[in-house]
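Nothing in this text is a laboratory measurement; each read-out follows from the coordinates by a stated rule. Here the structure is a predicted model, which means the values were calculated and not measured. Neighbour counts are summed over all protein chains in view; Cβ atoms, including those assigned to glycine, are modelled from backbone coordinates with ideal geometry.
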Amino acid sequence: MRLATIRTNGTTATVRIDSIEDTAEDSGTVAHGTTIPGYDTVGDLLCEETWEAIASDAAGDPVAITEADFAPVVPAPRKIVCVGLNYANHIREMGRDLPANPTLFVKYPDALVGPYDDVNAPPYANSELDWEGELAVVIGKQARRVSAADAENHIAGYAVMNDYTMRDYQYRTLQWHQGKSFEKTTGFGPWLTTKDSFAFGGELATYLNGEKVQSTPTDDLVFSPSDLVEYISHIYPLDPGDVIVTGTPGGVGHARDPHVYIGDGDTVEVVVEGLGSVRNTTVFE
């Protein structure tokens with residue numbers, strides 16, 4: 001099952017995606033869905049203990065959805081916890097050893113934009129703008145000090161995240177957060193694919209202006225989603241709608257020689273097999 005938050009009539013609504021179009025060239029339609037009455041966002045729906053049954057049984061209005069309609073799939077998570085250095089190939093390209101524990105930092109909801117929205121980069125932070133395609137885990141049931149064996153029961157599903165990174169700000173200090181949470185720089189969506197509808201092992205790929213710059217199988221993580229839920233939930237509870245961003249594979253621009261960065265007008269697309277794609281165009285303010 002796929003769930004999305006869409007923009008409609010000046011507000012948002014939660015929809016169950018019933019079918020996906022092969023092409024949007026003629027009508028602009030990307031998908032067809034059914035509204036889930038009473039829930040403005042997917043995050044609101046996930047707060048219900050029986051959210052899966054509610055979504056499955058929903059018989060609201062049918063909707064045709066265009067790219068511009070998609071909002072961030074969870075527009076305002078209480079927590080967005082990011083994991084650095086979690087794909088072995090990326091760790092090696094950055095010249096580091098495989099970690100014994102996850103490296104965590106936070107991103108704020110202000111950073112999120114829709115999966116097809118423009119990303120606006122301010123003039124003081126656009127000189128070392130880099131790409132990071134990532135798989136995001138969305139929590140569906142509160143997790144507090146859970147075991148890895150039980151962690152799967154607390155995961156609602158998965159989505160795609162386009163994690164633009166300001167490298168100059170990131171490396172100003174030893175703390176990465178300031179280069180990772182600029183306002184409206186993170187495409188998130190296009191929908192939540194529930195865990196029963198997704199299998200790990202497919203390709204995660206990032207494209208810069210159509211050229212593939214990152215590629216890895218999604219099961220090449222050092223710390224799996226279950227490992228991360230266990231670890232993080234022993235620090236603080238994870239609530240329904242919270243997001244764990246699991247890290248990026250090798251191929252980032254900052255690790256290249258010479259460095260390659262995103263320019264004005266460049267488009268970054270992240271495609272995760274089984275989850276869909278996020279595509280954002282870069283606009284230098």
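Volume per residue of the convex hull around the Cα atoms, evaluated for the range 2-69, comes out as 78 Å³. Across the range 179-250, the fraction of Cα-Cα pairs farther apart than 18 Å, rounded to a whole number, is 55%.
Relative contact order for the chain: 24 percent, from Cα pairs under 8 Å spaced at least 6 residues apart, divided by residue count. Here the range 53-104 and the range 109-186 have alpha carbon centers that stand 7 Å from each other. Note on the chain: along the principal axes its Cα atoms extend 53, 47, 30 Å, ordered by decreasing extent. Cβ crowding within 10 Å ranks THR103, THR193 as THR103, THR193, fewest other Cβ atoms first.
Counting every other Cβ atom within 10 Å of each residue's Cβ, LYS212, LYS195, LYS180 order from fewest to most as LYS212, LYS195, LYS180.
Excluding same-chain pairs closer than 8 in sequence, count the lysine pairs in the chain whose Cα atoms lie under 15 Å apart. Taking the chain as the scope, the lysine pair count is 6. By the count of neighbouring beta-carbon atoms within 10 Å, fewest first, CYS47, CYS82 end up ordered CYS47, CYS82.
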